[in-house]
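The values are calculated or read from the model by the stated rules, or taken from the named source; none is laboratory data. Note that the structure is a prediction, hence the values are computed from the model and not measured. Positions of Cβ are generated from backbone atoms using ideal geometry, with glycine treated the same way; all protein chains shown enter the neighbour counts. We work out accessible area using only protein heavy atoms, side chains counted, and drop any ligands, DNA or RNA first. Shrake-Rupley method; radii C 1.70, N 1.55, O 1.52, S 1.80 Å.
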Amino acid sequence: VEGTGGSSAVSKCSAAARGYIQDRFLPLLVGGRRRRRAPLIHRGYYIRARAVDHCVQDFLLKTRGHPRTQILSLGAGLDSLYFRLKDLGLLHHSVVFEVDFPSVAAQKAALIRRMEELAALAGEDGGEGSGVAFSGEDYKLLGVDLSELPELERALEGAGLDKEVPTLFMAEVVLTYMESSRSDALIAWAGEGFSQGCFLLYEQMQPGDPFGQVMQQHFRGLRSSLRSLGHYPDGESQRRRFLAQGWTQCNVLDMNEFFTLCTPEDEQQRVRTLEPFDEFEEWHLKCSHYFVLAASKGMEPPWTPLVPSRTGPPGDAPARLAGGVTAAAWGVPGPRCYGHRSLLVKPNLIVTSGGFGEEEDGHHGRVRSLHLLLKLGGCWRAGRVKMGGDAGERWGGRLYHTMSCISKGLALVVGGRTSPGRAGLELLWLKFPEASDASEPAEVPVELVRVQPTAGPAAGPAAGPAAGPAASRWRHSATEVTFRGHQLLFVYGGRSAEEPVLGDWCFLHTQELSCTMVPVEGPAPEGRHSHGACSWEGGVLVAGGLGAAEQPLGSVFFLKKLGQGFRWQPVETQPPLVPRYSHTAHVLQGRLLLVGGVWLQPGPGPGVTIIDLATGSCSNYSISTEHLEWPLMLHNHSSILLPEEEELLLLGGGGNCFSFGTHLNPEPVSLSLRSILSSH
């Protein structure tokens, strides 16, 4: 537990170096331990720092008329809050108390004395008292175990803490490491013993879903288990906890809500442009598993820093119908990756390409081999086909591409990226033998062919530009349509190295491999990526996705086929579709099936949503994973519809769980749809 504060300080320091937060004091406290973190870590520590600074500065603003105020930071670690506030001139009448383990406090006190700039701000050290590691005029650093409440109270009284002045208590990922009975006692002591109190809490939540399970496993591995998380698993239980311990007002927001509702839009845009970023699922999941809480008592006017500055989408979780679907493991090794694509090339052959995940040697990276599932003698077998040499170089280990079956044994790969700054990958053909006597998947001969598009006009629809607009995007969709007897791919949406969200499309002629001009009527949907799309009645259904403001979309559109072209028209659902992205989509028996994905609603993530395309009726079904021995993460996955069996096969999926490690679903999972189709 003592080591968690140093790790957090290093991550905050890295975020500051990239411009996410302004903090010139952290490098002085971190010293030589500085490390460059990933963009996802930067965003995670940015939103934490933003929430804390927002609440602290609101407290100082609301209490500026008082002759004296106090800030008590519990488990402060190497935090630089005091030095930043002092440097900004915000501590005219405030005293900051910091408490941490004696060894941590002693280390920090030594740093302050050694660093001239820190020592000048903290002032002359008045000497050590009982548990006091450093004592300046407006800065007191104490070394006390927070779980020993009588000792803590004695040390704070000796350091001059006044129970009759407005006091802000702060705890950033601290109380959760304590036994809940001890942390409850600390909250009650603060709520009952101080006449004017405010409490700022930042911690984890939602331990029961797959991300939460990986998060808990990570902290157990560090020997710093989240002890109170089981007792207080969500924001509402935390709110009730504080109200029961003497606090009269309490508001809780998860970090998605805080970023969307309490962070100015220009600041959101600034953060989005700081560095290339493409880990939206992991960002939103991380934010849904942390919350910020503000409680108060005796404050006039009441302290309410978490009242949103604007309204957002409804936060109620969607109703789930009873009798959901049960996930069953297939019992064969699956593609351990995410951001890949899977395709039913033939009735007995499923091919998965690309993504990021585990290669044959066990190392993680961009996947350069093909994963095959081959049905032999009624049983599915798994294997890999490695693309070496020139083929491997051309493939490049791309992510977030599309793979479409153009004819029997022939698939076209469009778009994708190798990094958020490198897209524009060439179109590729994957050729499979129409007949094969292979006895193992690895024996299936696969040919990778570079596309050589023709420059001349197509025979039929007017030819447009070459395939560049289709190939230069990722997180898009490519759906088969026909027009005037020609087979086309409708390539829609996605993002590119220049544009964070695309709302355009092109009709890619699958023979000429150029973009073909086809008339499209009606108001176009707003731009999106990571949406679901599939064919229906000669047109294309598009559902959900992530919009320009990095917010999930709940709209459904139908690109309807007409005699002379196509027309966009909205599909109204009742109740409205809960906004989501990173899901998969299929049509079966006149119903649109949306599988998995990420949404910003409280509680478990999406299961299976069924939309009746005749009536617009929309129903949400949960997925039971009681028969799986591992967490099932249903984002960045792929799915194959087996219509005759009324079954869905889910392959891969998962991702980086913030700093908690990478989770990859280890094997394919099947979902039988019979029960929910008959009940819908």
(request) Count neighbours as other Cβ atoms within 10 Å of each site's Cβ, and list the GluC sites (Glu not before Pro) in region 491-558 that are DSSP loop with at most 12 such neighbours. (result) Glu498, Glu537
(request) Report the trypsin sites (Lys or Arg not before Pro) located in region 146-231 that are in a DSSP loop and have at most 12 other Cβ atoms inside 10 Å of their Cβ, or state none. (result) Arg223
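Is there a quick way to get the dipole size of region 321-678? I mean about its Cα centre, with the Cβ of Lys and Arg at +1 and of Asp and Glu at -1; what is the value in debye to the nearest 20? Show your work: numbers first, answer last.
On the way: 27 positive and 30 negative charges, 104 e Å.
Dipole of region 321-678, to the nearest 20 debye: 500 debye.
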(message) Working only with C-alpha atoms, what are the Rg and Dmax values of region 321-678, expressed in angstrom?
(response) 19.3, 57
(message) Which one, Thr167, Phe277, Leu111, projects farthest toward the positive side of the charge dipole computed for region 2-297 from Cβ point charges (K/R +1, D/E -1)?
(response) Phe277
(request) Treating cross-link reach as a plain straight distance, find the aspartates and glutamates whose alpha-carbon is under 13 Å from the alpha-carbon of Lys431, omitting any fewer than eight places away in the same chain. (result) Glu447
(request) Write out the trypsin sites (Lys or Arg not before Pro) in region 234-311 meeting two conditions: DSSP loop, and at most 14 other Cβ atoms within 10 Å of their Cβ. (result) Arg310
(request) Please identify the cysteines of the chain that lack any partner cysteine with a Cβ under 4.7 Å from their own Cβ. (result) Cys13, Cys55, Cys198, Cys250, Cys262, Cys287, Cys337, Cys379, Cys405, Cys534, Cys618, Cys657
(message) Suppose accessible area is computed on protein heavy atoms with a 1.4 Å probe; arrange His509, His92 from highest to lowest.
(response) His92, His509
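Run the numbers on the chain and let me know its relative contact order in percent, using alpha-carbon pairs under 8 Å that are six or more apart. Show your work: numbers first, answer last.
On the way: 1554 pairs, mean separation 69.8, N = 680.
Taking the mean separation of contacting Cα pairs over the length of the chain, I get 10 percent.
For the chain, what does the helix formula give at 222 nm: sum of -39500 (n - 2.57) over DSSP H segments with n ≥ 4, over the residue count, nearest 500 deg cm²/dmol? Display every interim value, and only then the final one.
On the way: 16 runs with 161 residues, N = 680.
-7000 deg cm²/dmol, from helical runs alone.
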(request) Would you list which aspartates and glutamates come within 14 Å of Lys297, measuring only between C-alpha atoms, while excluding same-chain residues fewer than 8 positions from it? (result) Glu164, Glu192
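Using only Cα atoms, figure out Rg for region 2-297 and give it as a multiple of 2.2 N^0.38 Å. Walk me through the numbers before you get to the answer.
Working: Rg = 18.2 Å, N = 296, 2.2 N^0.38 = 19.1 Å.
For region 2-297, the normalised Cα radius of gyration is 0.95.
How high is the relative contact order of region 2-297? Use alpha-carbon pairs under 8 Å, at least six apart in sequence, and give a whole percent. Walk me through the intermediate numbers first.
Working: 483 pairs, mean separation 51.3, N = 296.
Computed value for region 2-297: 17 percent relative contact order.
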(message) Under a Cβ-only charge scheme (Lys and Arg +1, Asp and Glu -1), can you give me the dipole magnitude of region 207-291 about the Cα centre, in debye to the nearest 20?
(response) 720
